[in-house]
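A short write-up of the structure that comes next.
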Amino acid sequence: MAKKATGKAKKSAAKKNTKKNTAKKSTGKFVYLFGKKTDGNGTMKPLLGGKGANLAEMCRIGLPVPPGFTITTDVCTYYYANGRKYPAALKAQMQAGVASIEQQTRKKFGDLTNPLLVSVRSGARDSMPGMMDTILNLGLNDQTVEALARKTGNPRFAWDCYRRFVQMYGDVVLGVQKRPDEDHEPFETVIEGLKHERYHADIEDTKLTVDDLKELVSRFKALVKDRAGKNFPASPWDQLMGAVGAVFGSWMNDRAIVYRRKYNIPTEWGTAVNVQAMVYGNTGDQSG
């Protein structure tokens, strides 16, 4: 029994020391690229999370993976150990990561001719399906949506991406969610309201026109302003930092905590964040 207790004590002490060391670590490598240049590999799940390590390994064996970068689990640990703040070196490394995606896709973040849009996803060491948050189409605003419409020749696709982004970001990052006295999610209520107002029927989303989607974006933004008390962020960089914070924040949401308890996943592991160039499933009937 004594041996067992000593072993537990050592494990606990080691865990505390790891946390302490990570908490102090504000410099170092926090961003790992994948794509034409890939920094990580499939053995690095503790640092890059399962998704990040697998994306890196797929790039290494030559599969056509959209380029991106992984923010390490060390950043998640630092974030919680330092009052939800980031290491000083992180922002510059993220900027280099975005520049790498821009160079490979020949698109630019926030550009008014050929804008780069990204997804932001969690990636824990062990898979936790559906437990943490995802943001898609990040980088859209009132100007870049018009640029996307011109570039693709498909305004409906561009505005559909934008309304989906505002809804997802509003929910996940800005906390515009169903209140205890509400039966439906507020964004869905807005969609249903517009359908019945304009078509007097519960039509499919694919039947909504460009004008309908533009009106939805406007109403969604008004909902965000009303519920969150602030305007929807127009700056792609503000959007990105908000989304990364939301993914790290979702590591400690109720459903993730319950899932970890059920499957014995240590809280100390943290999650990585994967930022990746978007691919689309809503460009038309042949999409995907």
Is it the case that some residue within segment 109-118 is modelled with pLDDT of 95 or more and on the phi > 0 side of the Ramachandran plot?
yes
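Considering each of Glu146, Glu182 in turn, give the residue that is open to solvent by 40 Å² or more (accessible area, probe 1.4 Å), of a type outside the set (Phe, Trp, Tyr), closer than 30 Å to Val247 by Cα and not in a loop (DSSP other than H, G, I, E, B). Don't jump to the end; show me each part of the working.
Working: Glu182 fails: not in a loop (DSSP other than H, G, I, E, B).
Step by step, each of Glu146, Glu182 is checked, and only Glu146 is open to solvent by 40 Å² or more (accessible area, probe 1.4 Å), of a type outside the set (Phe, Trp, Tyr), closer than 30 Å to Val247 by Cα and not in a loop (DSSP other than H, G, I, E, B).
A quick yes/no check of all residues on (1) touching a strand residue (DSSP E or B) at 6+ places or on another chain (Cβ under 9 Å); (2) open to solvent by 10 Å² or more (accessible area, probe 1.4 Å):
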site	(1), (2)
Val224	no, no
Val244	yes, no
Arg261	no, yes
Val279	yes, yes
So if I check each of Val173, Val217, which one is within 30 Å of Thr73 (Cβ to Cβ) and open to solvent by less than 70 Å² (accessible area, probe 1.4 Å)?
Val173
Taking segment 263-288 only, how many residues are part of a strand (DSSP E or B), closer than 17 Å to Gly139 by Cα and among the aliphatic types (A, V, I, L, M)?
3
Looking only at residues that are open to solvent by 40 Å² or more (accessible area, probe 1.4 Å) and β-branched (Val, Ile, Thr) in segment 38-86, which one is nearest to Met241 (Cα to Cα)?
Thr43
Every listed condition ((1) surrounded by fewer than 19 Cβ atoms within 10 Å (Cβ to Cβ); (2) touching a Leu at 6+ places or on another chain (Cβ under 9 Å); (3) of a type outside the set (A, V, I, L, M, F, W, C)) holds for Gly229 save (2)
Filter segment 91-112 down to residues that are touching a helix residue (DSSP H, G or I) at 6+ places or on another chain (Cβ under 6 Å) and in contact (Cβ under 8 Å) with a residue 12 or more places away in the chain and give me whichever is surrounded by the fewest Cβ atoms within 10 Å (Cβ to Cβ).
Leu112
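The values are calculated or read from the model by the stated rules, or taken from the named source; none is laboratory data. Since we're looking at a predicted model, the values are computed, not measured. FYI the Cβ positions are ideal-geometry reconstructions off the backbone, even for glycines, and counts take in every protein chain you see. Protein only, heavy atoms only, side chains kept; ligands, DNA and RNA dropped before computing areas. Shrake-Rupley method; radii C 1.70, N 1.55, O 1.52, S 1.80 Å.
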